[in-house]
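In what follows, a single structure is set out as structure tokens and then discussed.
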């Protein structure tokens, strides 16, 4: 098939790409420093950004150029490590995946810590209760049958059953978007159930009944009220509520009849 | 200065869950009152008649409309929640189902409000020819 040569532009010569224009935005950060006061307070920062900058870039500029005491977590800065989940304009998002151009810059952009976990300083929360729930669902391969002499094979169809829940980066955006978790920190939360789903529906794993028994407890999957905040908040696009519902149905009808 | 966090801007079904809770509690409180006033008929039929007569006011009439609205929303959204729980594709279509039940709610509530409040409106603002 022949490829058409690029059409000459109307002006004759190719136009250079326009220079990106920096502009000022106001970032309103909910701050907290237990060494100074036990009260939270809002602080406004004005930063110069490009439309393609991320909120993480704006936070860096604040920390590096205006106020070094601003405290937040970030590691990879590219949506994989799950360190910088925070509440941006009232919704849980990763600061490194939220672009300035996708937000209304006419109004201040609010940034605050994720909800339901204890704030240690500014945007940093105590992740331990979240990780404890994750450990409880045994997020590792469990087998009882004799070990095979070669790798454990799995066909594409069986792999597809839990593909969605392998994407979790444990950023806690889902768990801290859940109204049930806000009022009950004992609830396992969406992230733990998603990671249980990843093994329960894995044909190579034999710990499914064990995990279902753990999630069948009072603080387990039945706490879910399907508000779908978790699905909306997940920066990896995991259908979190769907995974939780499949776990509930696995408890009622068995793993094979859950989907 | 002390501050509170912003309101969490959750998914639309967070608000349907909030509405489900509020309508559920409202209907429960109505049932308490309803059981009490109906039980009165066993105690004293005259007292029962007095209580029922006291309900014939515009305020109670508008509360009745609210009750129908609350029961209808709770019932329709309850069907949606059952679908989300037991239908494999329920979570994928939850938003469409929500807009459907809201549309059905409006379609029923508009004529229901008209016929339920017809007498009150006539009594308050004079009868139409």
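The values are calculated or read from the model by the stated rules, or taken from the named source; none is laboratory data. The structure displayed is predicted, hence computed values, not measured ones. Here Cβ is always computed from backbone atoms with ideal geometry, including for glycine, and neighbour counts include all displayed protein chains.
Scanning the stretch A:41-51 for residues that are within 25 Å of residue A:125 (Cα to Cα) and surrounded by 11 or more Cβ atoms within 10 Å (Cβ to Cβ) returns A:41, A:42, A:43, A:45, A:46, A:47. Does residue A:69 count as part of a strand (DSSP E or B), at pLDDT 95 or above and surrounded by fewer than 17 Cβ atoms within 10 Å (Cβ to Cβ)? So residue A:69 does not fit the description; no.
Which one of these is on the phi < 0 side of the Ramachandran plot, in contact (Cβ under 8 Å) with a residue 60 or more places away in the chain, part of a loop (DSSP other than H, G, I, E, B) and exposed (fewer than 14 other Cβ atoms within 10 Å of the Cβ): A:153, A:141?
Values: A:153 fails: in contact (Cβ under 8 Å) with a residue 60 or more places away in the chain.
Unique residue meeting the criteria: A:141.
Scoring residue A:256 on the criteria (1) within 14 Å of chain B (Cβ to nearest Cβ); (2) assigned to a loop (DSSP other than H, G, I, E, B); (3) modelled with pLDDT under 95 leaves a single failure, condition (2). For the stretch A:35-75, the tally of residues that are closer than 20 Å to residue A:87 by Cβ and within 14 Å of chain B (Cβ to nearest Cβ) stands at 6. One residue stands out in the stretch B:7-32 among those that are crowded, with 17+ Cβ neighbours inside 10 Å and either at the interface with chain A (Cβ under 7 Å from one of its Cβ atoms) or at positive phi (or both): the one that is modelled with the lowest pLDDT, namely B:11.
May I ask you to verify whether residue A:220 is more than 23 Å from residue A:116 (Cα to Cα) and more than 14 Å from chain B (Cβ to nearest Cβ)? No: the conditions fail for residue A:220. Here residue A:166 clears all of (1) within 14 Å of the chain's Cα centre (by Cα); (2) in a loop (DSSP other than H, G, I, E, B); (3) surrounded by fewer than 21 Cβ atoms within 10 Å (Cβ to Cβ) except the condition numbered (2). Within this structure, residue A:202 fails the test of being touching a residue at least 40 places away in the same chain (Cβ under 8 Å) and more than 29 Å from residue A:153 (Cβ to Cβ).
Please pick out the residue among A:38, A:33 that is at pLDDT below 95 and surrounded by fewer than 20 Cβ atoms within 10 Å (Cβ to Cβ). Step through it out loud before you land on a result.
Details: A:33 fails: at pLDDT below 95.
Testing whether each residue is at pLDDT below 95 and surrounded by fewer than 20 Cβ atoms within 10 Å (Cβ to Cβ) leaves just A:38.
Just to be sure, is residue B:63 without any contact (Cβ under 8 Å) to a residue 12 or more places away in the chain and at the interface with chain A (Cβ under 9 Å from one of its Cβ atoms)? No; evaluated as a whole, the condition is false for this residue.
Per-residue answers, yes or no, for (1) within 14 Å of another protein chain (Cβ to nearest Cβ); (2) in a loop (DSSP other than H, G, I, E, B); (3) within 21 Å of residue A:94 (Cβ to Cβ); (4) out of contact with any strand residue (DSSP E or B) (no Cβ under 9 Å at 6 or more places or on another chain):
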| residue | (1), (2), (3), (4) |
| --- | --- |
| A:157 | no, no, no, yes |
| A:181 | yes, no, yes, yes |
| A:187 | no, yes, no, yes |
| A:191 | no, no, yes, yes |
| A:195 | no, no, yes, yes |
| A:213 | no, no, no, yes |
| A:250 | yes, no, no, yes |
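Sort out which residues of the stretch A:208-249 are crowded, with 21+ Cβ neighbours inside 10 Å and out of contact with any helix residue (DSSP H, G or I) (no Cβ under 6 Å at 6 or more places or on another chain), and write them in order of number. Listed by number, the residues that qualify are A:220, A:242, A:245, A:246.
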